[in-house]
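Data block below; observations after.
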């Protein structure tokens, strides 16, 4: 590396001595004030990156009354604060493509915020951002209330999944009386059916349903 290269002459590590002179040469922008405008003060919403130049006294007075949210209603302030959590960056729901025709149409229909930001591609107004038309997530498929074994036991008793403890007990008593050999003149042809009913009732009791 050639330390004597003229390229090193163009590298600036500290501000040049001319810069303080330029700042001192600019007067305070308060009407009638002739003091040097050494201190910057932001111009406010919709003028981000732009500053006033004030003297010490006037910059203190300006800062005491400065309100970035002046002119914004409560809903707009809340929306701004909500977006500030993610740095006013765009977010989309899973599966949403803001580049599609549908996404662009919804983005155009969305109302503009009443605060300014640098958004040359207009992506912060896309679907899924802020309070404008976020696509709702698809509802999760309905899960069965009971296991397959429990549902089978309920089916054996002729009940559905909504049957409560009282209904299960009442149905069990009815079926036992109907298929018990004593109720059929000693006929044992229904014994297998009776065993299924008893096993189903035992399974439901183990599941805590009766």
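None of the figures in this text is laboratory data; all of them are computed from the coordinates on show. Remember, it's a predicted structure, so these values are computed and weren't measured experimentally. Neighbour counts are summed over all protein chains in view; Cβ atoms, including those assigned to glycine, are modelled from backbone coordinates with ideal geometry.
Between residue 65 and residue 26, the FRET efficiency from the beta-carbon distance, with R0 = 25 Å, is close to 0.65. With 0.36 nm allotted per residue and the present C-alpha distance subtracted, the residue 183-residue 48 stretch has 39.6 nm of extension available. What is segment 22-68 by shape, rounded, prolate or oblate, if you read a ≥ b ≥ c off the alpha carbon gyration tensor as root eigenvalues and call it rounded for a/c under 1.5, prolate for a/b larger than b/c, and oblate otherwise? It comes out oblate by the Cα gyration axes. Restricting the calculation to Cα atoms, segment 148-206 shows an Rg/Rh of 0.99 when the hydrodynamic-style radius is the Kirkwood one.
Taking 0.36 nm per residue of separation and subtracting the current Cα-Cα distance, fully stretching the chain between residue 33 and residue 170 would add 39.9 nm.
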